[in-house]
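Trainee: Mind having a look at this structure? Questions to follow.
Only the coordinates and a few stated rules stand behind these numbers; no lab work does. Please read these numbers as outputs of a predicted model, since none were measured by experiment. Cβ atoms come from the backbone with ideal geometry, glycine included; neighbour counts cover every protein chain shown.
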Amino acid sequence: MAKTKASAGHMKIEAMEPPSSIGFMGVKEMKGQMSAVVRDVAEEDKWIIVTWHGRPRAMLIPFSEEDLEDFILANHPELIARRKEARKEIEAGDFLTHKEMEKLSGE
């Protein structure tokens, strides 16, 4: 699956395994055959760049149930905010080591 980074409402693709093929398709062309297009993308490892008035507007890529969990963990705004806060705490030295946690728990 693609590794993505959310930025100002857009996703930036950082790393992705190359597909078997890449195609372009206009929104009007896609309208009547969406089921077949999605099936091709999923089953044949195709990427489809969707155009509107000849300009790229979206991309269809294969996406599995396993990818969904990774995607949500990487891109959910609340989780992103929590990771940023945790990084700040670590940088400030505001954390406990494993040994300190063991002492507190009585292990």
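Trainee: Out of the DSSP beta bridges found with both residues in the stretch 21-107, what percent are antiparallel (nearest 5)?
Mentor: 45 percent
Trainee: Taking the Cα-to-Cβ direction at GLU29 and at LEU79 and moving 7 Å from each Cα, how far apart do the two end points lie in nm?
Mentor: 3.5 nm
Trainee: Based on the Cα coordinates of the stretch 47-107, what is the per residue volume of their convex hull in Å³?
Mentor: Looking at the stretch 47-107, the number lands at 154 Å³ per residue.
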